[in-house]
1. Considering each of Arg126, Arg119 in turn, give the residue that is among the basic types (Lys, Arg), closer than 25 Å to Arg31 by Cβ and in contact with a helix residue (DSSP H, G or I) (Cβ under 6 Å, 6 or more places away or on another chain).
2. Before we move on, is Leu479 open to solvent by 50 Å² or more (accessible area, probe 1.4 Å) and either closer than 28 Å to Gln356 by Cα or not in a helix (DSSP H, G or I) (or both)?
3. May I ask you to list the residues in the range 80-121 that are open to solvent by 20 Å² or more (accessible area, probe 1.4 Å) and either on the phi > 0 side of the Ramachandran plot or acidic (Asp, Glu) (or both)?
4. When residues of the range 411-420 are filtered for being out of contact with any Gly (no Cβ under 9 Å at 6 or more places or on another chain) and in contact (Cβ under 8 Å) with a residue 12 or more places away in the chain, how many remain?
5. Which condition does Leu178 not pass, out of (1) buried (at least 18 other Cβ atoms within 10 Å of the Cβ); (2) of a type outside the set (D, E, K, R); (3) under 17 Å from Pro24 (Cβ atoms), if it passes all the others?
6. Could you give every pair whose Cβ atoms fall below 7 Å, whose first residue belongs to the range 9-30 and is on the phi < 0 side of the Ramachandran plot and modelled with pLDDT under 85, and whose second residue is open to solvent by 70 Å² or more (accessible area, probe 1.4 Å) and not in a helix (DSSP H, G or I), counting only separations of at least 6 or pairs across chains?
7. Return the pairs, sorted by first residue and then second, in which the second residue is polar (S, T, N, Q) and in a loop (DSSP other than H, G, I, E, B), the first residue lies in the range 498-525 and is in contact (Cβ under 8 Å) with a residue 60 or more places away in the chain and surrounded by 14 or more Cβ atoms within 10 Å (Cβ to Cβ), the beta carbons are less than 8 Å apart, and the residues are 6+ apart or on different chains.
8. Just wondering, is there one or more residues in the range 122-141 that are under 26 Å from the mean Cα position of the chain (by Cα) and at pLDDT 85 or above?
Amino acid sequence: MTDVASAARHVPAPVPVQLVGIRPLLRLALRRDRIMMAVWVAAVAGIVTSGTGSIEKFYGTPEKRADLVQSLTTNGSLRAMYGPAFGDSLGAIVAWRFAGFAAVLAAVMSLIIVIRHTREEEETGRQELISSAMVGRRAPLTAALLAALVANTALALLVTAGLAGPTGSASGALAVGLTVAATGMLFASTAAIVAQLTESARFAKGMTAGVLGAAFVLRAAGDSATNDGSSVLTWLSPLGWAENVRPYAGERWWALLLIGAAVLVQGVVAYTLAGRRDVGMSFLPTRPGPASGSVATAGGLARRLQRGSVLGWSAGFGLAGLVFGGMVEGAADLVGGNEQAAAIFERMGGQTGMSQAFLASMVGMFGMVAALYVVASVLRLHAEETSQRAEPVLANAVGRLRWAADHLAIAFGGAALIMLVAGLGLAAGHGRELVPTLAASLAQLPAIWLLGGLAVLLYGALPRAAVAAWAVAGLALALGWIGPALELPRSVMNLSPFSHLPKLPGTEMEWTPRLLMTLGAVALVGAGLAGLRRRDMLT
């Protein structure tokens with residue numbers, strides 16, 4: 001009798017019917033995203049933990065850190081970008097400079113994971129196939145949230161371990177790690193709700209990213225008005241809650257409870273919505289199109305497919321331009337008398353005046369980020385081909401070159417548009433130098449187009465290696481971002497096409513490198529289209 005009772009105690013509790021299949025789904029999600037998660041977690045953790053070295057190098061004494069914090073009390077544009085600093089210790093400055101940025105990246109990682117394993121699975125029809133087996137209604141959503149939890153937990157552990165030693169405070173390091181991870185889970189639960197509302201994975205990602213952007217704008221507006229994080233607008237933003245945890249400055253652990261409560265409430269809403277709809281359906285169904293089609297050409301279809309991306313990037317660049325333009329005059333206050341920090345900006349901007357160097361460095365950063373847009377837009381061709389959506393288009397009286405050219409016109413023309421908008425934003429935020437700033441922004445286009453041309457070549461001639469274009473664009477961004485701080489050799493910096501451009505505004509325009517890059521971009525595009533014309537599709 002005792003053996004029977006003991007055996008009964010060791011029988012595993014039955015899994016609720018609606019959660020059956022969580023384990024295999026979670027293993028599948030982790031296996032599919034193992035590389036993506038590892039890269040995101042390592043990159044975000046590396047940004048935060050490596051920040052201790054750079055902050056200690058530039059602001060190694062209490063006096064320098066105190067001067068920095070003092071300058072923030074009078075510079076609303078810097079607070080809008082990074083938030084207020086609540087202390088002048090090494091850990092507090094690291095948290096001020098990097099924790100908010102890391103929290104935003106964790107949020108982006110989390111929303112991608114959740115949308116990928118919920119709405120994207122339903123949109124492609126894979127979820128219907130999986131649900132035909134013994135899989136509960138809420139198991140896919142649970143597995144997606146658990147996958148996001150695994151990634152954010154790993155991120156919290158790495159950040160905590162990386163900061164505890166250099167900053168000398170385990171509690172402060174733990175507060176940073178938990179804040180970043182909690183913000184990630186908050187937007188994971190937001191994505192879980194949005195996935196129930198929309199039919200399109202792309203729209204779901206855009207909507208969740210829009211919520212994240214609105215949270216950033218609210219936090220920035222609140223922090224620009226006050227220097228202690230007490231603004232009502234700051235507290236209306238989840239990013240403001242994360243900011244008010246205040247690592248290394250008398251941690252407010254209850255702010256983490258506020259984030260946790262929001263995660264719980266959003267999770268309940270997501271589970272409730274998931275139980276009230278059919279697989280593949282949504283609460284905001286796509287509106288039916290007109291009785292007669294409004295897209296009559298391949299070019300019209302390309303514009304329809306990519307217009308949202310172009311508008312989104314343009315809006316983001318315009319807003320960022322306004323913010324960074326407003327920081328131009330405050331750049332000198334940020335650097336103060338720190339010669340090392342000033343030298344980095346001067347190497348990035350190629351000039352000695354701090355305001356001009358900061359403006360030129362921001363123009364260069366916009367150009368390098370715009371290279372990511374042009375690569376993504378070019379590789380839309382690859383996505384259309386591999387998803388077999390290009391096949392019905394090419395089955396009509398549409399040639400490959402015409403089809404590709406329609407998309408490439410948007411890719412390269414869109415890059416020009418977003419750089420123009422960025423220049424307008426910088427000039428408006430700065431309040432002066434409209435024509436020089438616009439000219440400097442557009443002068444980045446040859447380097448952007450060169451990287452776009454490389455993406456066309458890889459797609460047309462080596463489609464299986466097309467994703468390598470991301471690595472090249474990422475390398476250019478990394479060199480431009482951290483190369484000046486590390487004082488990398490000129491031979492290494494020259495690997496980026498942006499290093500061959502003169503730093504504008506403030507220096508003389510050099511037409512030779514721009515002409516050579518433009519010709520190179522044309523040659524790469526031509527070679528890529530020639531490869532596309534000769535090869536078989538879907539190979």
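1. Being among the basic types (Lys, Arg), closer than 25 Å to Arg31 by Cβ and in contact with a helix residue (DSSP H, G or I) (Cβ under 6 Å, 6 or more places away or on another chain) holds for just one of Arg126, Arg119, which is Arg119.
2. On the way: open to solvent by 50 Å² or more (accessible area, probe 1.4 Å): no; either closer than 28 Å to Gln356 by Cα or not in a helix (DSSP H, G or I) (or both): yes.
The answer is no for Leu479.
3. Asp88, Glu120, listed by residue number.
4. Of the residues in the range 411-420, 4 are out of contact with any Gly (no Cβ under 9 Å at 6 or more places or on another chain) and in contact (Cβ under 8 Å) with a residue 12 or more places away in the chain.
5. Checking Leu178 against (1) buried (at least 18 other Cβ atoms within 10 Å of the Cβ); (2) of a type outside the set (D, E, K, R); (3) under 17 Å from Pro24 (Cβ atoms), the one that fails is (3).
6. Gln18/Arg137; Val20/Met134
7. Correct list of pairs: Phe498/Gln444; Leu501/Gln444; Lys503/Gln351; Gly506/Gln351; Thr507/Gln351.
8. Step one: filter the range 122-141 for residues under 26 Å from the mean Cα position of the chain (by Cα), giving 122-124, 140-141.
Checking the rest, the ones that are also at pLDDT 85 or above come to 140-141.
Yes, because at least one residue in the range 122-141 is under 26 Å from the mean Cα position of the chain (by Cα) and at pLDDT 85 or above.
The values are calculated or read from the model by the stated rules, or taken from the named source; none is laboratory data. Keep in mind that this is a model prediction, so the values were computed, not measured. No Cβ is skipped: glycine too gets one built from the backbone with ideal geometry, and neighbour counts run over all protein chains shown. In case anyone asks, the SASA skips ligands and DNA or RNA and just uses the protein heavy atoms, side chains included. Shrake-Rupley method; radii C 1.70, N 1.55, O 1.52, S 1.80 Å.
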